[in-house]
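Undergrad: Take this structure, written in C-alpha coordinates, and hold onto it; I'll ask about it next.
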Amino acid sequence: MSARRPSRRTVSFPARANALEARWQRLCATYLPRAPQGSLWRHYDGQRRRVQPKSGWKLHVSATVLNAPTILKKIGPLLVQRGVPFKAPGCLQEVLKLNSGLYYGYTQVGKIFTVYPATDREAVALAKKLHQLTRRLAGPTVPFDLKFAEPGNVYYRFGAYQQIEIEHQGQRALGMCTADGSLIPDIREKAKPDSIADPFELHKPQTRSKMMPDRSMRVIRVLTQRGKGGVYEAVEYGDGIPKLCLLKEGRKNGELAWDGRDGAWRVKHEQRVLSRLSSCDLPIPKVLDSFELDGNYYLVIEHVNGENLYDLLLHRRRRFDLRQVVEFGIQLATFLSHMHSAGWSWRDCKPKNILITRQNRVVPIDFEGATPIRRPDRTLWGTPGYTPPEWRTKNTTGVSEDCYALGALIYSLLTGRTFDHEKPVPVQKLRRNVYPELCRLVESLLSVDQRTRLTAAAARIKLTAISLKYSPKLMRAQNSKAA
(Lines give C-alpha, C1' and ligand atoms only; values in the text may rest on other atoms or scores of the structure.)
Protein backbone atom coordinates (compact mmCIF):
# COMPACT_ATOMS: atom_id res chain seq x y z
CA MET A 1 0.00 0.00 0.00
CA SER A 2 1.36 3.42 -0.94
CA ALA A 3 1.89 5.94 1.83
CA ARG A 4 -0.64 8.73 2.10
CA ARG A 5 0.55 12.11 0.92
CA PRO A 6 0.53 14.53 3.88
CA SER A 7 -2.02 17.32 3.71
CA ARG A 8 -0.95 20.96 3.81
CA ARG A 9 -1.95 21.21 7.47
CA THR A 10 0.28 18.30 8.48
CA VAL A 11 3.37 19.68 6.71
CA SER A 12 5.49 21.93 8.93
CA PHE A 13 6.17 25.48 7.79
CA PRO A 14 9.95 24.88 7.33
CA ALA A 15 9.25 21.74 5.27
CA ARG A 16 6.78 23.59 3.08
CA ALA A 17 9.21 26.49 2.67
CA ASN A 18 12.06 24.17 1.70
CA ALA A 19 9.91 22.28 -0.82
CA LEU A 20 8.64 25.48 -2.45
CA GLU A 21 12.13 27.00 -2.53
CA ALA A 22 13.54 23.90 -4.24
CA ARG A 23 10.76 24.09 -6.84
CA TRP A 24 11.38 27.82 -7.34
CA GLN A 25 15.10 27.25 -7.96
CA ARG A 26 14.39 24.54 -10.56
CA LEU A 27 11.97 26.83 -12.40
CA CYS A 28 14.38 29.79 -12.23
CA ALA A 29 17.15 27.66 -13.72
CA THR A 30 14.83 26.91 -16.67
CA TYR A 31 13.18 30.28 -17.31
CA LEU A 32 15.44 32.87 -15.62
CA PRO A 33 18.98 31.66 -16.32
CA ARG A 34 20.91 34.87 -15.63
CA ALA A 35 21.65 35.56 -11.97
CA PRO A 36 23.93 38.60 -11.54
CA GLN A 37 26.12 38.41 -8.44
CA GLY A 38 24.86 40.62 -5.62
CA SER A 39 21.45 41.18 -7.25
CA LEU A 40 18.16 40.08 -5.74
CA TRP A 41 16.85 39.43 -9.30
CA ARG A 42 17.16 36.63 -11.84
CA HIS A 43 16.65 37.52 -15.50
CA TYR A 44 15.62 36.24 -18.88
CA ASP A 45 17.11 38.68 -21.40
CA GLY A 46 14.89 37.86 -24.38
CA GLN A 47 15.84 37.26 -28.00
CA ARG A 48 19.25 38.58 -29.06
CA ARG A 49 17.99 40.61 -32.02
CA ARG A 50 15.13 42.11 -30.07
CA VAL A 51 15.18 45.92 -29.92
CA GLN A 52 14.04 47.25 -26.55
CA PRO A 53 13.05 50.87 -25.87
CA LYS A 54 14.58 52.87 -23.02
CA SER A 55 11.13 53.28 -21.46
CA GLY A 56 7.73 51.69 -21.95
CA TRP A 57 4.74 49.91 -20.43
CA LYS A 58 6.09 47.53 -17.78
CA LEU A 59 3.81 44.67 -16.76
CA HIS A 60 3.84 43.40 -13.18
CA VAL A 61 2.40 40.02 -12.25
CA SER A 62 1.70 39.91 -8.52
CA ALA A 63 2.26 36.74 -6.49
CA THR A 64 2.50 35.46 -2.93
CA VAL A 65 5.27 33.34 -1.48
CA LEU A 66 2.99 30.30 -1.78
CA ASN A 67 1.89 30.65 -5.42
CA ALA A 68 4.97 32.31 -6.98
CA PRO A 69 6.37 28.96 -8.27
CA THR A 70 2.99 28.07 -9.83
CA ILE A 71 2.77 31.46 -11.54
CA LEU A 72 6.32 31.18 -12.88
CA LYS A 73 5.52 27.75 -14.30
CA LYS A 74 2.50 29.24 -16.09
CA ILE A 75 4.02 32.44 -17.49
CA GLY A 76 7.64 31.34 -18.02
CA PRO A 77 7.03 29.23 -21.16
CA LEU A 78 4.97 32.00 -22.79
CA LEU A 79 7.56 34.72 -22.22
CA VAL A 80 10.53 32.58 -23.26
CA GLN A 81 8.70 31.34 -26.37
CA ARG A 82 7.97 34.94 -27.40
CA GLY A 83 11.44 36.14 -26.43
CA VAL A 84 10.16 38.79 -24.00
CA PRO A 85 12.59 39.88 -21.25
CA PHE A 86 11.39 39.52 -17.66
CA LYS A 87 12.77 39.19 -14.16
CA ALA A 88 11.82 37.76 -10.75
CA PRO A 89 13.48 37.45 -7.32
CA GLY A 90 16.28 34.93 -6.94
CA CYS A 91 14.67 33.21 -3.94
CA LEU A 92 11.32 33.09 -2.18
CA GLN A 93 12.68 34.88 0.87
CA GLU A 94 13.03 37.91 -1.39
CA VAL A 95 9.39 37.50 -2.40
CA LEU A 96 8.45 37.84 1.27
CA LYS A 97 10.68 40.91 1.63
CA LEU A 98 9.29 42.60 -1.49
CA ASN A 99 5.71 42.01 -0.38
CA SER A 100 6.35 43.40 3.09
CA GLY A 101 7.09 46.85 1.71
CA LEU A 102 9.73 47.33 4.42
CA TYR A 103 12.98 46.29 2.75
CA TYR A 104 12.73 47.76 -0.76
CA GLY A 105 10.00 50.33 -0.27
CA TYR A 106 6.23 50.28 -0.31
CA THR A 107 6.12 50.90 -4.09
CA GLN A 108 7.67 47.44 -4.67
CA VAL A 109 4.88 45.43 -3.01
CA GLY A 110 3.51 42.78 -5.38
CA LYS A 111 6.09 43.41 -8.12
CA ILE A 112 7.29 39.81 -8.19
CA PHE A 113 7.42 39.38 -11.97
CA THR A 114 8.34 42.37 -14.16
CA VAL A 115 7.85 41.99 -17.92
CA TYR A 116 9.34 44.36 -20.52
CA PRO A 117 7.26 44.50 -23.75
CA ALA A 118 8.88 46.17 -26.78
CA THR A 119 5.78 48.03 -28.02
CA ASP A 120 2.38 49.20 -26.80
CA ARG A 121 0.73 46.55 -28.96
CA GLU A 122 2.84 43.78 -27.47
CA ALA A 123 2.17 45.10 -23.97
CA VAL A 124 -1.61 44.88 -24.45
CA ALA A 125 -1.40 41.40 -26.03
CA LEU A 126 0.82 40.11 -23.22
CA ALA A 127 -1.41 41.62 -20.53
CA LYS A 128 -4.39 39.73 -21.99
CA LYS A 129 -2.49 36.44 -22.11
CA LEU A 130 -0.90 36.81 -18.68
CA HIS A 131 -4.32 37.61 -17.22
CA GLN A 132 -5.78 34.44 -18.75
CA LEU A 133 -2.95 32.34 -17.33
CA THR A 134 -3.00 33.77 -13.79
CA ARG A 135 -6.50 35.11 -13.11
CA ARG A 136 -7.26 32.32 -10.63
CA LEU A 137 -4.03 32.90 -8.70
CA ALA A 138 -4.40 35.91 -6.42
CA GLY A 139 -1.61 38.17 -5.25
CA PRO A 140 -1.25 41.39 -3.26
CA THR A 141 -2.29 44.68 -4.83
CA VAL A 142 0.56 46.56 -6.51
CA PRO A 143 0.48 50.11 -5.08
CA PHE A 144 0.14 52.96 -7.60
CA ASP A 145 0.06 50.65 -10.66
CA LEU A 146 -3.04 50.38 -12.87
CA LYS A 147 -4.84 47.05 -12.75
CA PHE A 148 -5.58 45.28 -16.02
CA ALA A 149 -8.64 43.32 -14.89
CA GLU A 150 -10.69 42.55 -11.81
CA PRO A 151 -10.29 39.92 -10.49
CA GLY A 152 -6.73 39.39 -11.58
CA ASN A 153 -3.13 40.05 -10.66
CA VAL A 154 -1.71 41.73 -13.78
CA TYR A 155 -0.75 45.40 -13.33
CA TYR A 156 0.98 47.94 -15.53
CA ARG A 157 2.79 51.27 -15.40
CA PHE A 158 4.86 53.39 -17.76
CA GLY A 159 8.47 53.57 -16.62
CA ALA A 160 12.15 53.22 -17.47
CA TYR A 161 13.52 49.91 -18.77
CA GLN A 162 17.08 51.05 -18.10
CA GLN A 163 18.35 53.01 -15.14
CA ILE A 164 18.49 56.64 -16.18
CA GLU A 165 19.58 59.44 -13.85
CA ILE A 166 18.48 63.02 -14.47
CA GLU A 167 18.78 66.36 -12.74
CA HIS A 168 15.45 67.22 -11.10
CA GLN A 169 14.88 70.18 -8.77
CA GLY A 170 18.59 70.42 -8.06
CA GLN A 171 19.00 66.73 -7.21
CA ARG A 172 19.83 63.50 -9.03
CA ALA A 173 16.71 61.41 -9.61
CA LEU A 174 15.54 58.38 -11.60
CA GLY A 175 14.27 59.35 -15.02
CA MET A 176 12.56 57.90 -18.08
CA CYS A 177 12.32 58.72 -21.75
CA THR A 178 9.04 59.80 -23.40
CA ALA A 179 8.00 59.06 -26.99
CA ASP A 180 9.49 62.36 -28.23
CA GLY A 181 12.84 61.58 -26.59
CA SER A 182 12.62 64.01 -23.67
CA LEU A 183 13.68 62.94 -20.18
CA ILE A 184 11.25 63.27 -17.27
CA PRO A 185 11.27 61.99 -13.64
CA ASP A 186 10.23 58.35 -13.19
CA ILE A 187 7.89 58.77 -10.22
CA ARG A 188 7.05 55.37 -8.67
CA GLU A 189 3.92 56.76 -7.02
CA LYS A 190 2.44 57.57 -10.43
CA ALA A 191 1.37 54.94 -12.98
CA LYS A 192 2.00 57.10 -16.03
CA PRO A 193 2.85 60.65 -17.11
CA ASP A 194 -0.18 62.81 -17.91
CA SER A 195 1.00 63.28 -21.49
CA ILE A 196 0.92 59.54 -22.33
CA ALA A 197 -2.31 57.78 -23.33
CA ASP A 198 -3.26 54.44 -21.79
CA PRO A 199 -3.30 51.76 -24.56
CA PHE A 200 -4.88 49.16 -22.25
CA GLU A 201 -8.11 51.01 -21.57
CA LEU A 202 -10.01 49.76 -24.63
CA HIS A 203 -8.83 46.16 -24.20
CA LYS A 204 -9.58 45.46 -20.54
CA PRO A 205 -12.06 42.62 -19.84
CA GLN A 206 -15.52 43.78 -18.79
CA THR A 207 -16.01 43.49 -15.03
CA ARG A 208 -18.93 44.17 -12.75
CA SER A 209 -18.73 47.41 -10.84
CA LYS A 210 -18.38 46.86 -7.10
CA MET A 211 -20.75 48.53 -4.72
CA MET A 212 -19.09 50.56 -2.01
CA PRO A 213 -20.50 49.99 1.48
CA ASP A 214 -22.76 52.72 2.78
CA ARG A 215 -20.22 54.36 5.08
CA SER A 216 -19.90 57.96 6.12
CA MET A 217 -16.15 58.07 6.58
CA ARG A 218 -13.29 60.08 5.18
CA VAL A 219 -9.59 59.27 5.50
CA ILE A 220 -7.62 62.42 6.27
CA ARG A 221 -4.10 61.11 6.91
CA VAL A 222 -1.98 57.99 6.34
CA LEU A 223 -0.15 57.01 9.54
CA THR A 224 1.56 53.79 8.41
CA GLN A 225 1.64 51.84 5.17
CA ARG A 226 3.13 48.46 4.37
CA GLY A 227 2.33 45.27 2.49
CA LYS A 228 -0.13 43.76 4.94
CA GLY A 229 -2.18 46.95 5.27
CA GLY A 230 -2.25 50.47 6.57
CA VAL A 231 -3.38 52.59 9.50
CA TYR A 232 -5.23 55.80 8.72
CA GLU A 233 -6.55 58.74 10.65
CA ALA A 234 -10.17 59.20 9.61
CA VAL A 235 -13.33 61.14 10.39
CA GLU A 236 -16.61 59.25 10.77
CA TYR A 237 -19.99 60.96 10.31
CA GLY A 238 -22.15 58.03 11.46
CA ASP A 239 -24.53 60.02 13.66
CA GLY A 240 -24.09 63.30 11.80
CA ILE A 241 -21.39 64.52 14.21
CA PRO A 242 -17.78 64.35 12.93
CA LYS A 243 -15.77 61.95 15.08
CA LEU A 244 -12.04 61.36 14.81
CA CYS A 245 -11.08 57.67 14.65
CA LEU A 246 -8.42 55.28 13.39
CA LEU A 247 -9.02 52.97 10.44
CA LYS A 248 -6.89 49.83 10.44
CA GLU A 249 -6.69 47.91 7.17
CA GLY A 250 -5.76 44.27 6.68
CA ARG A 251 -5.18 43.47 3.02
CA LYS A 252 -6.19 40.26 1.36
CA ASN A 253 -2.98 38.43 0.33
CA GLY A 254 -0.96 41.20 1.98
CA GLU A 255 2.32 39.75 3.30
CA LEU A 256 0.94 36.24 2.99
CA ALA A 257 3.22 34.03 5.10
CA TRP A 258 4.19 30.35 4.90
CA ASP A 259 1.25 29.51 7.18
CA GLY A 260 -1.24 31.12 4.78
CA ARG A 261 -2.06 34.06 7.03
CA ASP A 262 -2.34 37.47 5.38
CA GLY A 263 -3.06 41.02 6.48
CA ALA A 264 -6.82 40.48 6.51
CA TRP A 265 -6.41 37.45 8.81
CA ARG A 266 -4.20 39.46 11.15
CA VAL A 267 -6.68 42.31 11.55
CA LYS A 268 -9.57 39.88 12.11
CA HIS A 269 -7.44 38.16 14.74
CA GLU A 270 -6.68 41.48 16.40
CA GLN A 271 -10.40 42.21 16.59
CA ARG A 272 -10.92 38.91 18.43
CA VAL A 273 -8.09 39.75 20.86
CA LEU A 274 -9.40 43.26 21.52
CA SER A 275 -12.86 41.85 22.16
CA ARG A 276 -11.47 39.45 24.79
CA LEU A 277 -9.30 42.09 26.46
CA SER A 278 -11.96 44.80 26.51
CA SER A 279 -14.15 42.51 28.62
CA CYS A 280 -11.36 42.58 31.23
CA ASP A 281 -11.49 46.38 31.45
CA LEU A 282 -7.91 46.83 30.21
CA PRO A 283 -6.73 50.26 28.97
CA ILE A 284 -6.90 49.57 25.22
CA PRO A 285 -8.59 51.46 22.37
CA LYS A 286 -12.20 50.43 21.73
CA VAL A 287 -13.28 48.85 18.45
CA LEU A 288 -16.13 51.01 17.17
CA ASP A 289 -16.95 49.07 14.00
CA SER A 290 -15.60 46.68 11.36
CA PHE A 291 -16.33 45.94 7.72
CA GLU A 292 -14.99 44.11 4.67
CA LEU A 293 -14.32 45.55 1.21
CA ASP A 294 -12.82 43.70 -1.79
CA GLY A 295 -11.54 40.99 0.56
CA ASN A 296 -9.70 43.53 2.74
CA TYR A 297 -10.76 43.77 6.39
CA TYR A 298 -11.11 47.05 8.28
CA LEU A 299 -11.38 47.98 11.94
CA VAL A 300 -12.70 51.36 13.04
CA ILE A 301 -10.90 52.05 16.32
CA GLU A 302 -11.26 54.73 18.97
CA HIS A 303 -8.80 57.58 18.47
CA VAL A 304 -6.44 58.04 21.42
CA ASN A 305 -4.93 61.49 21.75
CA GLY A 306 -1.31 60.64 22.45
CA GLU A 307 2.16 60.05 21.03
CA ASN A 308 3.90 56.71 20.74
CA LEU A 309 6.78 56.11 23.11
CA TYR A 310 9.26 55.56 20.28
CA ASP A 311 8.73 59.10 18.95
CA LEU A 312 8.90 60.52 22.46
CA LEU A 313 12.26 58.83 23.04
CA LEU A 314 13.52 59.90 19.62
CA HIS A 315 12.73 63.59 20.04
CA ARG A 316 13.61 64.07 23.71
CA ARG A 317 16.77 65.99 24.43
CA ARG A 318 16.96 64.54 27.95
CA ARG A 319 16.08 61.11 29.24
CA PHE A 320 12.96 60.57 31.35
CA ASP A 321 13.50 61.17 35.05
CA LEU A 322 13.58 58.08 37.23
CA ARG A 323 10.17 58.61 38.85
CA GLN A 324 8.55 58.86 35.40
CA VAL A 325 10.29 55.68 34.25
CA VAL A 326 9.02 53.84 37.33
CA GLU A 327 5.48 55.14 36.76
CA PHE A 328 5.47 53.99 33.13
CA GLY A 329 6.89 50.64 34.28
CA ILE A 330 4.10 50.20 36.86
CA GLN A 331 1.41 50.87 34.25
CA LEU A 332 2.94 48.44 31.75
CA ALA A 333 3.58 45.72 34.30
CA THR A 334 -0.01 46.08 35.55
CA PHE A 335 -1.33 45.79 31.99
CA LEU A 336 0.78 42.72 31.22
CA SER A 337 -0.12 40.96 34.46
CA HIS A 338 -3.83 41.49 33.77
CA MET A 339 -3.45 40.40 30.15
CA HIS A 340 -1.66 37.22 31.27
CA SER A 341 -4.37 36.57 33.86
CA ALA A 342 -6.92 36.87 31.02
CA GLY A 343 -5.07 34.07 29.20
CA TRP A 344 -3.22 36.08 26.54
CA SER A 345 0.35 37.12 25.81
CA TRP A 346 1.11 40.23 23.77
CA ARG A 347 4.41 39.29 22.04
CA ASP A 348 4.86 42.82 20.69
CA CYS A 349 5.60 45.04 23.66
CA LYS A 350 7.82 47.81 22.25
CA PRO A 351 7.92 51.63 22.25
CA LYS A 352 6.10 52.00 18.89
CA ASN A 353 3.14 50.04 20.28
CA ILE A 354 2.68 52.18 23.38
CA LEU A 355 0.85 55.49 23.32
CA ILE A 356 1.43 58.09 26.04
CA THR A 357 -1.44 60.50 26.57
CA ARG A 358 -1.09 64.10 27.78
CA GLN A 359 -1.92 62.84 31.26
CA ASN A 360 1.03 60.37 31.01
CA ARG A 361 -1.39 57.47 30.77
CA VAL A 362 -0.05 54.36 29.01
CA VAL A 363 -2.27 52.92 26.25
CA PRO A 364 -0.97 49.73 24.55
CA ILE A 365 -1.91 49.20 20.87
CA ASP A 366 -1.41 46.64 18.07
CA PHE A 367 -2.32 43.07 19.06
CA GLU A 368 -2.01 41.27 15.70
CA GLY A 369 0.60 38.91 17.15
CA ALA A 370 -1.12 38.20 20.49
CA THR A 371 -1.57 34.52 21.29
CA PRO A 372 -3.53 32.43 23.81
CA ILE A 373 -1.21 31.23 26.57
CA ARG A 374 -2.71 27.73 26.63
CA ARG A 375 -2.52 27.35 22.82
CA PRO A 376 0.51 29.46 21.86
CA ASP A 377 1.14 30.45 18.28
CA ARG A 378 4.42 28.87 17.19
CA THR A 379 5.12 31.35 14.40
CA LEU A 380 7.77 33.94 15.20
CA TRP A 381 6.48 37.38 16.10
CA GLY A 382 8.32 40.29 17.64
CA THR A 383 10.89 43.03 17.10
CA PRO A 384 14.68 42.67 17.53
CA GLY A 385 15.82 44.34 20.75
CA TYR A 386 12.59 43.35 22.52
CA THR A 387 12.72 39.58 21.95
CA PRO A 388 14.61 37.25 24.34
CA PRO A 389 17.48 34.90 23.47
CA GLU A 390 15.15 31.86 23.43
CA TRP A 391 12.76 33.59 21.00
CA ARG A 392 13.65 31.45 17.97
CA THR A 393 13.21 28.16 19.82
CA LYS A 394 9.40 28.63 19.76
CA ASN A 395 9.20 26.75 23.07
CA THR A 396 7.55 29.59 24.96
CA THR A 397 3.98 30.59 25.70
CA GLY A 398 4.76 34.25 25.10
CA VAL A 399 4.57 35.17 28.81
CA SER A 400 8.33 35.13 29.35
CA GLU A 401 8.75 37.04 26.08
CA ASP A 402 6.47 39.78 27.40
CA CYS A 403 8.41 39.99 30.66
CA TYR A 404 11.71 40.25 28.79
CA ALA A 405 10.22 42.97 26.56
CA LEU A 406 9.11 44.86 29.69
CA GLY A 407 12.68 44.80 30.97
CA ALA A 408 14.05 45.88 27.56
CA LEU A 409 11.56 48.73 27.42
CA ILE A 410 12.45 50.02 30.92
CA TYR A 411 16.12 49.69 29.91
CA SER A 412 15.46 51.92 26.87
CA LEU A 413 13.62 54.48 28.99
CA LEU A 414 16.53 54.64 31.44
CA THR A 415 19.43 54.65 28.98
CA GLY A 416 18.05 55.83 25.64
CA ARG A 417 19.50 52.66 24.07
CA THR A 418 18.14 49.33 22.85
CA PHE A 419 19.31 46.36 24.92
CA ASP A 420 21.52 43.79 23.16
CA HIS A 421 21.56 40.44 24.96
CA GLU A 422 24.64 39.36 22.96
CA LYS A 423 26.62 42.38 24.19
CA PRO A 424 24.85 43.40 27.38
CA VAL A 425 25.79 46.71 28.99
CA PRO A 426 24.48 47.24 32.55
CA VAL A 427 22.25 50.23 33.22
CA GLN A 428 24.75 51.61 35.77
CA LYS A 429 27.42 52.04 33.05
CA LEU A 430 25.09 54.15 30.90
CA ARG A 431 23.38 56.25 33.56
CA ARG A 432 24.50 57.25 37.01
CA ASN A 433 22.45 57.40 40.20
CA VAL A 434 19.75 54.94 39.07
CA TYR A 435 17.95 53.36 42.04
CA PRO A 436 19.80 50.10 42.81
CA GLU A 437 16.49 48.24 43.23
CA LEU A 438 15.46 49.39 39.72
CA CYS A 439 18.75 48.15 38.23
CA ARG A 440 18.27 44.72 39.85
CA LEU A 441 14.68 44.56 38.58
CA VAL A 442 15.77 45.28 35.00
CA GLU A 443 18.53 42.66 35.25
CA SER A 444 16.02 40.09 36.47
CA LEU A 445 13.57 40.81 33.63
CA LEU A 446 16.40 40.59 31.09
CA SER A 447 17.77 37.33 32.48
CA VAL A 448 19.03 34.89 29.84
CA ASP A 449 17.35 32.09 31.81
CA GLN A 450 13.61 32.57 31.32
CA ARG A 451 12.90 30.50 34.46
CA THR A 452 14.47 33.16 36.68
CA ARG A 453 12.74 36.15 35.08
CA LEU A 454 10.29 38.11 37.18
CA THR A 455 6.65 37.74 36.25
CA ALA A 456 4.74 40.87 35.26
CA ALA A 457 2.78 40.70 38.53
CA ALA A 458 6.00 40.47 40.59
CA ALA A 459 7.52 43.32 38.59
CA ARG A 460 4.46 45.48 39.32
CA ILE A 461 4.82 44.85 43.07
CA LYS A 462 8.54 45.68 43.05
CA LEU A 463 8.07 48.79 40.91
CA THR A 464 5.31 50.01 43.24
CA ALA A 465 7.61 49.48 46.22
CA ILE A 466 10.37 51.47 44.46
CA SER A 467 7.90 54.26 43.70
CA LEU A 468 6.84 54.47 47.33
CA LYS A 469 10.39 54.30 48.65
CA TYR A 470 11.64 57.14 46.45
CA SER A 471 8.52 59.30 46.42
CA PRO A 472 9.36 62.96 47.28
CA LYS A 473 6.92 63.10 50.22
CA LEU A 474 8.24 59.92 51.80
CA MET A 475 11.86 60.94 51.28
CA ARG A 476 11.23 64.35 52.87
CA ALA A 477 9.53 62.69 55.83
CA GLN A 478 12.43 60.25 56.27
CA ASN A 479 15.01 63.05 56.05
CA SER A 480 13.20 65.19 58.62
CA LYS A 481 12.86 62.17 60.91
CA ALA A 482 16.57 61.43 60.63
CA ALA A 483 17.38 65.09 61.41
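The values are calculated or read from the model by the stated rules, or taken from the named source; none is laboratory data. Since the model is a prediction, treat every value here as computed from it, not as a measurement. FYI the Cβ positions are ideal-geometry reconstructions off the backbone, even for glycines, and counts take in every protein chain you see.
Undergrad: Starting from residues that are modelled with pLDDT of 95 or more, within 26 Å of the chain's Cα centre (by Cα) and assigned to a loop (DSSP other than H, G, I, E, B), keep the ones in region 111-136 and report whichever is surrounded by the fewest Cβ atoms within 10 Å (Cβ to Cβ).
TA: That would be K111.
Undergrad: Separate question: Scan region 99-110 for residues that are assigned to a helix (DSSP H, G or I), crowded, with 23+ Cβ neighbours inside 10 Å and in contact with a strand residue (DSSP E or B) (Cβ under 9 Å, 6 or more places away or on another chain) and report the count.
TA: Summing the residues that are assigned to a helix (DSSP H, G or I), crowded, with 23+ Cβ neighbours inside 10 Å and in contact with a strand residue (DSSP E or B) (Cβ under 9 Å, 6 or more places away or on another chain) in region 99-110 gives 0.
Undergrad: Do any residues in region 32-44 that are farther than 17 Å from L98 by Cβ have Cβ atoms under 7 Å from those of residues that are part of a strand (DSSP E or B), where the two are at least six apart or on different chains, and which pairs are they?
TA: Close Cβ pairs (under 7 Å, with a partner that is part of a strand (DSSP E or B)) amount to P33/Y44; R34/R42; R34/H43; Y44/F86.
Undergrad: Another question about this same structure. Just to be sure before I move on: is D281 surrounded by fewer than 16 Cβ atoms within 10 Å (Cβ to Cβ) and either in contact (Cβ under 8 Å) with a residue 60 or more places away in the chain or outside the structural domain of A456 (by TED's automatic domain parsing) (or both) in the structure I sent?
TA: When the stated conditions are applied, D281 passes them.
Undergrad: Now, a different point. Can you run down the residue pairs with Cβ atoms below 9 Å, 6 or more apart or on separate chains, where the first is in region 168-191 and within 20 Å of P53 (Cβ to Cβ) and assigned by TED's automatic domain parsing to the domain that holds Q52 and the partner is of a type in the set (A, V, I, L, M) and at pLDDT below 75?
TA: Between residues of region 168-191 that are within 20 Å of P53 (Cβ to Cβ) and assigned by TED's automatic domain parsing to the domain that holds Q52 and residues that are of a type in the set (A, V, I, L, M) and at pLDDT below 75, the close pairs are P185/A173; D186/A173; I187/A173.
Undergrad: Search region 349-363 for residues being without any contact (Cβ under 8 Å) to a residue 60 or more places away in the chain and touching a helix residue (DSSP H, G or I) at 6+ places or on another chain (Cβ under 8 Å), and hand back the single one that is surrounded by the fewest Cβ atoms within 10 Å (Cβ to Cβ).
TA: N360
Undergrad: In this structure, is G139 farther than 16 Å from G56 by Cα and either touching a helix residue (DSSP H, G or I) at 6+ places or on another chain (Cβ under 9 Å) or at pLDDT below 90 (or both)?
TA: Considered against the rule, which asks whether it is farther than 16 Å from G56 by Cα and either touching a helix residue (DSSP H, G or I) at 6+ places or on another chain (Cβ under 9 Å) or at pLDDT below 90 (or both), G139 comes out as yes.
Undergrad: Here is a further query. Within region 355-373, track down each residue that is within 16 Å of E401 (Cβ to Cβ) and within 22 Å of the chain's Cα centre (by Cα). Spell out the reasoning first.
TA: Start the filter on region 355-373 by keeping residues that are within 16 Å of E401 (Cβ to Cβ), which leaves 364, 366-373.
Answer for region 355-373, where residues must be within 16 Å of E401 (Cβ to Cβ) and within 22 Å of the chain's Cα centre (by Cα): P364, D366, F367, E368, G369, A370, T371, P372.
Undergrad: Also, quick follow-up: For region 237-256, which positions are in a loop (DSSP other than H, G, I, E, B) and farther than 15 Å from I220 by Cβ?
TA: Within region 237-256, G238, D239, G240, I241, R251, K252, N253, G254, E255, L256 qualify.
Undergrad: So which residues in region 176-192 are under 30 Å from the mean Cα position of the chain (by Cα), of a type outside the set (D, E) and assigned to a loop (DSSP other than H, G, I, E, B)?
TA: I187, R188, K190, A191, K192
Undergrad: Oh, and also: Examine region 283-295 for a residue that is among the polar types (S, T, N, Q), outside any helix (DSSP H, G or I) and modelled with pLDDT under 95, and state whether such a residue exists.
TA: Kept after step one, since they are among the polar types (S, T, N, Q), are these residues of region 283-295: 290.
Going one step further and asking which of them are outside any helix (DSSP H, G or I), we end up with 290.
Imposing the further condition that a residue be modelled with pLDDT under 95 reduces the set to 290.
Yes.
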